[in-house]
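Rule-based calculations on the coordinates, nothing more; no lab input. Keep in mind it's a predicted model, so treat the numbers as computed, not measured. Cβ placement follows ideal geometry from the backbone for every residue including glycine, while neighbour counts extend to all protein chains displayed.
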Amino acid sequence: MSSLRRGYNIGSHASCGFIERILHPVTAGIGIHTITYTFTDTNGCTNATNDTVEVLGTNVTFIAPADVCIDVGVQTGLGGGSPTGGTYSGTGVTDDGNGTTYSFDPSSAGIGMHTITYSFTDGNTCTTTATDDIEVFALPTVSFTAPADLCVDVGVQTGLGGGSPAGGEYSGNGVTDDGNGTTYSFDPSTAGVGTHTITYTFTSANNCTDSVNGDIEVYDLPTVTITGFADLCVNDGVQTGLDGGSPAGGIYSGPGVTDDGNGTSYSFDPATAGVGSHTITYTFTNANNCTDSASEAVEVITLPDVSVTDNAPTFTANTSGADYQWINCDTSQPIMGETNQSFTATDPGSYAVMITLDGCSDTSACFLYQPLGVGDENIERIRLYPIPAKHTLQINTQVEKMTLLSINGQTLIETKENALDISNINVGVYFILIRTKK
């Protein structure tokens with residue numbers, strides 16, 4: 001029995017003469033292996049011979065890096081092959097040429113499973129390889145719809161959504177994520193006027209993250225102003241064609257205010273508003289549907305008290321500290337020089353006083369001064385008031401009887417009171433017959 005030692009690289013194949021000898025070095029493995037040949041002749045005699053073969057090579061191992069997302073960028077300084085001194089190859093792989101490290105670009109490799117190979121050649125020029133797989137994961141498909149643009153003063157918008165798939169997170173100026181993977185709130189006053197980006201970020205089960213943006217614009221409020229007008233007396237009547245609001249196109253409102261509906265003017269009735277301070281407001285809405293307003297106060301001033309104390313022939317206005325002008329009702333003219341609080345009549349007639357206080361004026365009812373033409377100083381002076389009268393005509397003394405006569409002498413009303421109800425008497429000139437008590 002003879003023995004031969006032969007060397008084979010893993011994977012070699014040899015034959016000699018008609019005897020074919022097949023060796024699978026990968027199956028046999030690295031090392032020295034004995035091959036036996038056995039023969040039986042026609043006589044049934046059997047003999048065997050041995051030979052040895054050595055499978056050359058090195059045990060090579062390789063562990064691939066962890067699976068990655070396609071957007072993580074080039075992974076550098078990777079290793080995992082043993083023993084050192086080999087070469088790395090594969091889709092997306094760039095060997096660093098130092099026998100130790102390599103880089104992997106997932107975006108070049110593309111989505112899917114990829115095999116990285118580590119090859120090592122030993123001193124016998126035998127090359128051995130080891131492989132491992134790395135998977136490149138796709139990013140999740142993320143979508144987001146931002147809410148409609150809004151005005152800065154609308155307040156915090158709650159329960160907003162629009163991100164898909166559910167389970168992500170919202171961020172941005174003025175954004176507060178609700179932590180439920182579905183909704184968020186947006187505060188336009190915190191974000192401020194202008195265009196803001198809201199971002200929805202989602203991470204998949206493979207720990208791959210992608211995000212999408214949406215813009216929302218926060219509109220400023222319009223700049224609104226109003227210019228008021230001077231204070232008014234309660235009897236000044238309706239003021240029309242008033243304006244002062246800017247920009248044009250708004251609406252005026254307030255006590256006593258009637259907007260003209262033209263975006264420019266309004267009217268103000270001080271009698272309807274009443275005495276006191278009133279706020280007139282001008283409200284304007286711009287093209288972005290944002291609304292603001294401006295206000296101005298107007299004072300409606302009460303009229304002075306125009307009652308008069310009768311101590312005929314001297315009459316005294318009951319309001320002090322005002323401006324006075326006594327008037328002759330018969331001529332409808334002011335009496336020259338009679339501007340004091342008191343007035344002493346020197347002639348029979350009908351008189352009144354106009355009183356001005358705090359810029360507002362009013363005139364008393366006319367009262368009649370008619371001294372009797374009898375020389376007895378003890379006879380009482382009689383005064384009828386007001387003249388003219390609409391409802392009740394009063395006398396300043398107790399009467400036995402008072403009779404209202406038509407211009408033709410017809411008796412219309414008789415009374416024993418010191419007042420006549422003339423509310424049902426037509427406008428005109430009448431006589432009054434008075435009988436006083438003794």
For a quick check, take a GNM of the chain with Cα springs below 10 Å and name the residue from Cys45, Cys290, Cys208 with the largest mean-square fluctuation. Cys45
[x] 152; [y] 312; [z] 262: which one is volume of the Cα convex hull per residue in Å³ as calculated from this entry? [y]
Quick one: grab the alpha carbon gyration tensor of the range 285-438, order the square roots of its eigenvalues as a ≥ b ≥ c, and give me rounded if a/c is under 1.5, else prolate or oblate depending on whether a/b is larger than b/c. prolate
Per GNM of the chain with C-alpha springs under 10 angstrom, the most fluctuating residue out of His391, His114, His278 is His391
Using amide H atoms built in the peptide plane, which far-off residues or other-chain residues are under 5 Å from Cys151 H to H? Tyr219
Pick from Thr87, Thr331, Thr49: which is most flexible by mean-square fluctuation in a GNM of the chain where alpha carbon atoms under 10 Å apart are linked? Thr49
Just report the Cα centroid separation between the range 388-419 and the range 258-273, whole Å. 45 Å
So for the pair Thr49, Thr227, with labels modelled 7 Å out along Cα→Cβ, what separation do we get in nm? 12.9 nm
Quick check on the chain: helices-only [θ] at 222 nm, where DSSP H runs of length 4 and up contribute -39,500 (n - 2.57) each and the sum goes over total residues. Nearest 500, please. -500 deg cm²/dmol
Quick check: the distance between the Cα centres of the range 186-204 and the range 119-141, to the nearest angstrom? 45 Å
How much of the DSSP bridge set in the range 37-157 is antiparallel, in percent, rounded to the nearest 5? 90 percent
Within the range 67-84, which residues have the backbone N less than 19 Å from the label spot 7 Å out from Asp133 along Cα→beta-carbon, could you tell me? 67-70
Given H placed on each backbone N at 1.01 Å, which residues far from Leu412 in sequence or on other chains put an amide H within less than 5 Å of it? Leu404, Leu405, Ser406
Full extension from Val74 to Asn173: what is 0.36 nm times the residue separation minus their Cα-Cα distance, to one decimal in nm? 32.4 nm
Applying the Karplus parametrisation 6.51 cos²θ - 1.76 cosθ + 1.60 with θ = phi - 60° to the phi angles of the range 186-199, what ³J(HN,Hα) value in whole Hz is obtained for each residue in order, glycine and proline being reported as x? 9, 10, x, 5, 6, 5, x, 5, x, 9, 10, 9, 9, 10
Net charge near Leu221, counting Lys/Arg +1 and Asp/Glu -1 over other residues with Cβ under 12 Å of its Cβ? -3
Cβ-Cβ FRET estimate between Asn424 and Ala271, R0 fixed at 35 Å, reported to 0.05: 0.80
In nm, what is the difference between 0.36 nm times the number of residues separating Leu405 and Thr190 and their Cα-Cα distance? 69.1 nm
Give the long-range amide H neighbours of Cys366: residues separated by 5 or more places, or on another chain, with amide H under 5 Å away, using H modelled in the peptide plane at 1.01 Å from N. Ile387
Please find the FRET efficiency linking Thr436 to Thr339, where r is the Cβ-Cβ separation and R0 is fixed at 30 Å, and quote it to the nearest 0.05. 0.30
Local net charge near Leu303, Cβ-Cβ under 12 Å (Lys/Arg +1, Asp/Glu -1): -4
FRET efficiency for Thr182 and Asn207, using Cβ-Cβ distance with R0 set to 25 Å, rounded to 0.05: 0.75
Antiparallel DSSP bridges in the chain: what percent, to the nearest 5? 90 percent
